[in-house]
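K.L.:
Below is one structure. I have some questions about it.
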Amino acid sequence: MRKLLSTITLTALLFFFSNLASAQTINNSADLEKFYTAYFNNRQSRDALVKSYCTDSIYQAWKVSESDAPLVYFDCDTYSGVTIRQMPKKNQYHVAFGFWQFSNVFIPMQSEIINVDKGKIYKIRNAATSISTSDLNGTKWISETGYITQSKDYYEFTQDTYIWHYEGGTHTYPYYMAKNIAGFFDHSKVGTGTKGQYIIKDENRGKDYSYIIYFEKEEGVMITKRKGEFENYYIMKDKDTALEFFKPREFPVNGPKVSQW
C-alpha cells in the first residue's frame, strides 16, 4: 500500500511539474494563446508571466516599459480581441490586436510579429518587409478581414498598374514601391521596377499608400496597413493552400480569439 501511495505521489508530482514546464514553454500557437489569455486576464501576475515566457532581454525591456518590449501594444487594453496566427515561417507568429464585431468578424488595428526559439519569445519587430514591383507583377489577391470573403472582388498587380476587379467593372491605378513616403506621387517611378516596404498608388488623383507588414509569395499571403486604418489580410487568388492559413479554430471563453495559419 505504501509503495502504491509513493508511486501515485511520484506520478502526481511528475504530472504537476511537466504541466508547469509546458505552461511556460511556447511550442505552438496554442501555447502562445495561454500566454495572452493569462496576460489579459490577470494584470497582477504579468511580471512573473513575462519572465517565464520570454528571454531575459525581452523581460528587462518589459520591466522598463511595456511599450519597449511590445508583447502587446501600449493601448491594447482598449481593444476587445486578439488573433494569433502561426505564420508559414517556422517559429514565427502574427499577433493582432483589435475589435470583434458581429461575434465573428475581427477588425485588426495593430500587430506584432513574434519570434520564438527554444520555447521562449526572443525577438519582436522584424526588419521592414521590402519587396519589388516584380514580386507583385502578375499576382492576384483576395482580401480577407477576419473571415474569408465570399465577394468576387479581387486585386491584381502588373509592373505598373494596381487593378481592382469588382462586379460590374474595374478601377486601375498607377503605382510603385518606395522605402519612404514622399509628399507627392512621383509618376516618373511608375513601371521602373522600384523596391520598398510601401505600395504607393495614385488613387483618384491623390497619393495613397499601404505599409507592407508581411509578404510571402510562395505561401500566397500578404498583410498591409493603410495609415489610420485597420490591417488588411490578403490571400493569393486560386491558391488553395493559402485558404488554409485563414482557417479559424476554437478559442477559450473570455480569452483571445485565435486563428491559425
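K.L.:
Please name all residue pairs, on different chains or six or more residues apart, with Cβ atoms under 7 Å, provided the first residue is in segment 180-191 and is under 18 Å from residue 128 (Cβ atoms) and the second residue is surrounded by 15 or more Cβ atoms within 10 Å (Cβ to Cβ).
P.N.:
Hits for this filter: 181/198; 181/209.
K.L.:
Restricting attention to segment 25-70, report how many residues are closer than 16 Å to residue 82 by Cβ and of a type in the set (D, E, K, R).
P.N.:
Qualifying residue count for the region: 6.
K.L.:
Additional query: Restricting attention to segment 88-124, and to residues there that are in a loop (DSSP other than H, G, I, E, B) and open to solvent by 70 Å² or more (accessible area, probe 1.4 Å), which single residue is modelled with the highest pLDDT?
P.N.:
118
K.L.:
Just give me the residues in segment 174-224 being small (Gly, Ala, Ser) and either at pLDDT 90 or above or buried (at least 16 other Cβ atoms within 10 Å of the Cβ) (or both), in sequence order.
P.N.:
178, 188, 191, 193, 196, 210, 220
K.L.:
Looking for something out of contact with any strand residue (DSSP E or B) (no Cβ under 6 Å at 6 or more places or on another chain) and either open to solvent by less than 10 Å² (accessible area, probe 1.4 Å) or modelled with pLDDT of 85 or more (or both) - is there at least one such residue anywhere in segment 70-84?
P.N.:
So far as segment 70-84 goes, yes, one or more of its residues are out of contact with any strand residue (DSSP E or B) (no Cβ under 6 Å at 6 or more places or on another chain) and either open to solvent by less than 10 Å² (accessible area, probe 1.4 Å) or modelled with pLDDT of 85 or more (or both).
K.L.:
If we keep just the residues of segment 26-46 that are touching a Leu at 6+ places or on another chain (Cβ under 8 Å) and aliphatic (A, V, I, L, M), which is farthest from residue 114 (Cα to Cα)?
P.N.:
Across segment 26-46, the extreme among qualifying residues is 38.
K.L.:
Let me ask another. Yes or no: residue 159 modelled with pLDDT of 85 or more and open to solvent by less than 40 Å² (accessible area, probe 1.4 Å)?
P.N.:
no
K.L.:
Still on this model: Check off (1) at pLDDT 70 or above; (2) of a type outside the set (Ser, Thr, Tyr); (3) under 22 Å from residue 96 (Cβ atoms) for residue 171 and give me the number that stays unchecked.
P.N.:
Answer for residue 171: the failing condition is (3).
The values are calculated or read from the model by the stated rules, or taken from the named source; none is laboratory data. Please read these numbers as outputs of a predicted model, since none were measured by experiment. Reconstructed Cβ throughout: ideal geometry from the backbone, glycine too, with neighbour counts over all protein chains shown. Note: accessible area is taken over every heavy atom of the protein model, side chains too, but ligands, DNA and RNA are not part of it. Shrake-Rupley method; radii C 1.70, N 1.55, O 1.52, S 1.80 Å.
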